[in-house]
Amino acid sequence: MPVNKQAIGKTYDPVVYAVGREKIKEYARAVGETNPLHLDVDAAREAGYADVVAPPMFAVVYSAPAVGPPIFDPEIELNFAMMVHGSQEFQWGPVVVAGDEITTTASVKDISEADGRGYYVFESISINQRGEQVCRGTWTNIVRGV
Amino acid sequence: MADLKSAEQIPQLSITPDKYLTNRYAGASGDFNPIHIDEEFARAVGLPGRILHGLWTMAQVARAQTEAAGGPAHLKRLSVQFRGMGVPEQEIVVSGTVREVGDGRAVVDTVAEQAGKQIIRNAEAELEL
């Protein structure tokens, strides 16, 4: 069955994520961060930040609510049971700190097929409350047996 | 700030995810896919057991860069390819080599290995120096 490419270019509703201090600390501990900028609000303020700083890969937390819907969009017909995460890219702008509100918009960048595999590429653009782009994510999922 | 030079290695990062790491990361990230937290489910879908979240392993690749460069603000871009599967309770080693330095930026080629196999390959990081 060929992959359905109709949805290429489709954009989803933006999702707002309010970044919490304890969530940053929980995430930082789970990934083994020891830099006090992520864990200690006093250290972060001494370094000139308004609050604890999110590790760059915290992008997965604030973008997740926006990138979930395309994966489960019936129009895309992505077979989730056969999906693996093939590759990932993030490009970062200014750092995210606790108290920021991040708005992420996801879109379907590409859908293609090669050697019986479907390649589904989603893009997420995340903007902070000052309108600065804090992250662009490119999420490539591979579905076996299309 | 680290002084990175072309062809030099960044400091190696080693970490052994403990038995309950995937549960903590699931809570921290919101990714509760049962292949990461349910041994029986993982086996039922043909995996050797619970596997690590690929994005947790990518976070280790990111951490190797931010520690080498002197903090989170220095990492401007990271792309990775996921290969194979990481598992809990075995050491992961992240190693990177500076490919080029110029215009205040460095590009670092990085891999993450576990038990001699690359679980992240072709990772490319761009650091602002």
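The values are calculated or read from the model by the stated rules, or taken from the named source; none is laboratory data. Source: prediction; values computed, not measured. Glycine gets a Cβ as well: all are built from the backbone with ideal geometry, and neighbour counts include every protein chain shown.
Return the total of residues in segment A:108-146 being among the small types (Gly, Ala, Ser) and over 20 Å from residue B:55 (Cα atoms). If you could, list the steps in order and put the result at the bottom.
Going through segment A:108-146, the residues among the small types (Gly, Ala, Ser) turn out to be A:112, A:114, A:116, A:118, A:124, A:126, A:131, A:137, A:145.
Subset that is over 20 Å from residue B:55 (Cα atoms): A:112, A:114, A:116, A:118, A:131, A:145.
Within segment A:108-146, residues that are among the small types (Gly, Ala, Ser) and over 20 Å from residue B:55 (Cα atoms) number 6.
Of all the residues that make up segment A:57-93, how many are surrounded by fewer than 15 Cβ atoms within 10 Å (Cβ to Cβ) and at pLDDT 95 or above?
1
What number of residues in segment B:67-92 are at negative phi and facing chain A (nearest Cβ under 7 Å)?
Taking segment B:67-92 and keeping what is at negative phi, we get B:67-69, B:72-83, B:85-88, B:90-92.
After this cut, where a residue has to be facing chain A (nearest Cβ under 7 Å) as well, the list is B:72-73, B:75-82.
Looking only at that region, the number is 10.
Can you find a residue in segment A:124-142 that is acidic (Asp, Glu) and in a strand (DSSP E or B)?
First pass over segment A:124-142, keeping only residues acidic (Asp, Glu): A:132.
Filter once more, keeping what is in a strand (DSSP E or B): none.
Looking through segment A:124-142, none of the residues is acidic (Asp, Glu) and in a strand (DSSP E or B).
Could you grab me the full set of residues in segment A:32-56 that are over 16 Å from the mean Cα position of the chain (by Cα), crowded, with 22+ Cβ neighbours inside 10 Å and not in a helix (DSSP H, G or I)?
Step one: filter segment A:32-56 for residues over 16 Å from the mean Cα position of the chain (by Cα), giving A:32-53.
Adding the requirement that they be crowded, with 22+ Cβ neighbours inside 10 Å leaves A:33, A:37-38, A:44, A:52-53.
If the condition is that a residue be over 16 Å from the mean Cα position of the chain (by Cα), crowded, with 22+ Cβ neighbours inside 10 Å and not in a helix (DSSP H, G or I), then A:33, A:52, A:53 are the ones that fit.
I'm trying to understand the selection: among the residues of segment B:34-57, which are without any contact (Cβ under 8 Å) to a residue 12 or more places away in the chain and of a type outside the set (A, V, I, L, M, F, W, C)? Steps first, please.
Step one: of segment B:34-57, the residues without any contact (Cβ under 8 Å) to a residue 12 or more places away in the chain are B:34, B:39-46.
Within segment B:34-57, B:34, B:39, B:40, B:43, B:46 qualify.
Can you tell me how many residues in segment A:6-27 are surrounded by 14 or more Cβ atoms within 10 Å (Cβ to Cβ), of a type in the set (A, V, I, L, M, F, W, C) and either in contact with an Asp or Glu (Cβ under 9 Å, 6 or more places away or on another chain) or more than 18 Å from residue A:76 (Cβ to Cβ) (or both)?
4
State whether one or more residues within segment B:80-100 are surrounded by fewer than 22 Cβ atoms within 10 Å (Cβ to Cβ), among the hydroxyl-bearing types (Ser, Thr, Tyr), farther than 23 Å from residue A:141 by Cβ and in contact (Cβ under 8 Å) with a residue 40 or more places away in the chain.
yes
Among (1) exposed (fewer than 14 other Cβ atoms within 10 Å of the Cβ); (2) under 28 Å from residue A:68 (Cα atoms); (3) more than 13 Å from chain A (Cβ to nearest Cβ), which single condition is residue B:18 missing?
Of everything listed in (1) exposed (fewer than 14 other Cβ atoms within 10 Å of the Cβ); (2) under 28 Å from residue A:68 (Cα atoms); (3) more than 13 Å from chain A (Cβ to nearest Cβ), residue B:18 misses just condition (3).
What number goes with the only condition from (1) out of contact with any Pro (no Cβ under 9 Å at 6 or more places or on another chain); (2) more than 10 Å from chain A (Cβ to nearest Cβ); (3) of a type in the set (A, V, I, L, M, F, W, C); (4) surrounded by fewer than 19 Cβ atoms within 10 Å (Cβ to Cβ) that residue B:41 does not pass?
(1)
If residue A:111 satisfies every condition in (1) assigned to a loop (DSSP other than H, G, I, E, B); (2) buried (at least 17 other Cβ atoms within 10 Å of the Cβ); (3) more than 14 Å from every other protein chain (Cβ to nearest Cβ) but one, which is the exception?
Here residue A:111 clears every test but (1).
Among the listed residues B:24, B:63, B:50, identify the single one that is at pLDDT 95 or above, away from chain A (no Cβ under 11 Å) and surrounded by 14 or more Cβ atoms within 10 Å (Cβ to Cβ).
On the way: B:24 fails: away from chain A (no Cβ under 11 Å); B:63 fails: away from chain A (no Cβ under 11 Å).
Sole residue among the options that is at pLDDT 95 or above, away from chain A (no Cβ under 11 Å) and surrounded by 14 or more Cβ atoms within 10 Å (Cβ to Cβ): B:50.
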